[in-house]
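First the structure, in the form of structure tokens, and then the observations on it.
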2 protein chains.
Amino acid sequence: MFDHAGPVLGIDPGVSCCGYGAVERRGSGFAAVAFGVIRTAPGDPLPSRLAALSADLGHLLDEVRPAALAVERVLFQVNTRTAMSVGQASGLALALAGRAGIPVAHYSPNEVKLAVTGWGGAGKADVQTMVATLLSLAAPPHPPDAADALALALCHLWSAPLRRLAGDGREARSGLDAAVAAAIAREDR
Amino acid sequence: MFDHAGPVLGIDPGVSCCGYGAVERRGSGFAAVAFGVIRTAPGDPLPSRLAALSADLGHLLDEVRPAALAVERVLFQVNTRTAMSVGQASGLALALAGRAGIPVAHYSPNEVKLAVTGWGGAGKADVQTMVATLLSLAAPPHPPDAADALALALCHLWSAPLRRLAGDGREARSGLDAAVAAAIAREDR
């Protein structure tokens, strides 16, 4: 169950560059607790990079102690290789959250842009500018992956109370969530 | 570096059902050390399932102490959701291997079928039958995911010496490996 008191940790998963951004309520607004990117060494073998990413994500969860994770959802449109790579990074984050009992919500890039800028087709620079304004940051967060992660956290902080009001206390499930769950279910033999 | 003395652990990654099969050289042939599947509870949230899968894979590596992992590679043809799900499962296995310093090789389903049955288009039952014959098992390994994992291990045991003879001691890299590496590299900004 979502806890108003703790920060929400946004995760923009990637093996090469994984954005993170923790946001908490402060007064009538929101404040950034931590943000940045985890990079892995391009020259290292993939297993070493994933091991390093998992360790860094684990340290991040220990440090931030988030009440919830907001993770970017992969769109249908991306190609197989991108989906595979994002899946590898997000799988590590989700497994760590599952082990720690932290609830996880997913949002598509368009949902996040719509929530933060009011327009689902907004560009990276628009998201960076709006995130800086909403969080009273001196400068737009850089790189864009860090801004995207902060935007994911903001999107969750806004939408989670609405979801609770709309339903029975469980997180609402989008059609895409249901489709992904069905794809996993089809694996069962 | 591949070690002739240790077993090779084949992994057929999946969130719902993850096949594993450990094979070692014995005399002039091969023997199965362990095989089976790791299943996660279909009704549980995805983060819990991934946490359980990661824990089980960790126990498996501790038990088998493999000299190498042979992991099934996702084909270009699969859809985004399947790639995402297989990516999540394989990411956990690769991260554990990376942390333990275990080398990892990837093989496509067709490479594995070709190695084990002599025909890249062989069916699941053919693979099960041939794996049983090659490993002197009393019955075909079941479910097919376990047979596929044993076949992956056999494929690696056969091809690793050839790769060493062909090159400079490093594992040969297929065009697909290079393409996936390039896709991750493109993430760099």
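Note on region A:79-189: enclosed helices (runs of 4 or more DSSP H) holding 3 or more residues that are away from chain B (no Cβ under 13 Å), closer than 26 Å to residue B:49 by Cα and modelled with pLDDT of 95 or more are A:144-166. For region B:65-95, a residue qualifies if it is within 19 Å of residue B:36 (Cα to Cα) and over 14 Å from the mean Cα position of the chain (by Cα), and exactly one does: B:65. Criterion first (at the interface with another protein chain (Cβ under 7 Å from one of its Cβ atoms), in a loop (DSSP other than H, G, I, E, B) and within 15 Å of residue A:19 (Cα to Cα)) does residue A:74 satisfy it? Yes.
Here is a yes/no grid of residues against (1) in contact with a helix residue (DSSP H, G or I) (Cβ under 9 Å, 6 or more places away or on another chain); (2) farther than 25 Å from residue A:93 by Cβ; (3) touching a residue at least 60 places away in the same chain (Cβ under 8 Å):
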site	(1), (2), (3)
B:18	yes, no, yes
B:21	yes, yes, yes
B:24	yes, yes, no
B:28	no, yes, no
B:45	yes, no, no
B:56	no, no, no
B:70	yes, yes, yes
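How about region B:1-44: which of its residues are farther than 18 Å from residue B:63 by Cα, of a type in the set (Ser, Thr, Tyr) and crowded, with 19+ Cβ neighbours inside 10 Å? Correct list: B:16, B:40. Quickly run through region B:53-72 and pick out the residues that are in contact with a strand residue (DSSP E or B) (Cβ under 8 Å, 6 or more places away or on another chain) and either farther than 27 Å from residue B:111 by Cβ or loosely packed, with under 15 Cβ neighbours inside 10 Å (or both). Of everything in region B:53-72, just one residue is in contact with a strand residue (DSSP E or B) (Cβ under 8 Å, 6 or more places away or on another chain) and either farther than 27 Å from residue B:111 by Cβ or loosely packed, with under 15 Cβ neighbours inside 10 Å (or both), namely B:63.
The values are calculated or read from the model by the stated rules, or taken from the named source; none is laboratory data. Every value quoted in this text rests on a predicted model; they were computed, and no experiment measured them. Cβ sites come from the backbone with ideal geometry, for glycine too, and all protein chains shown count toward neighbours.
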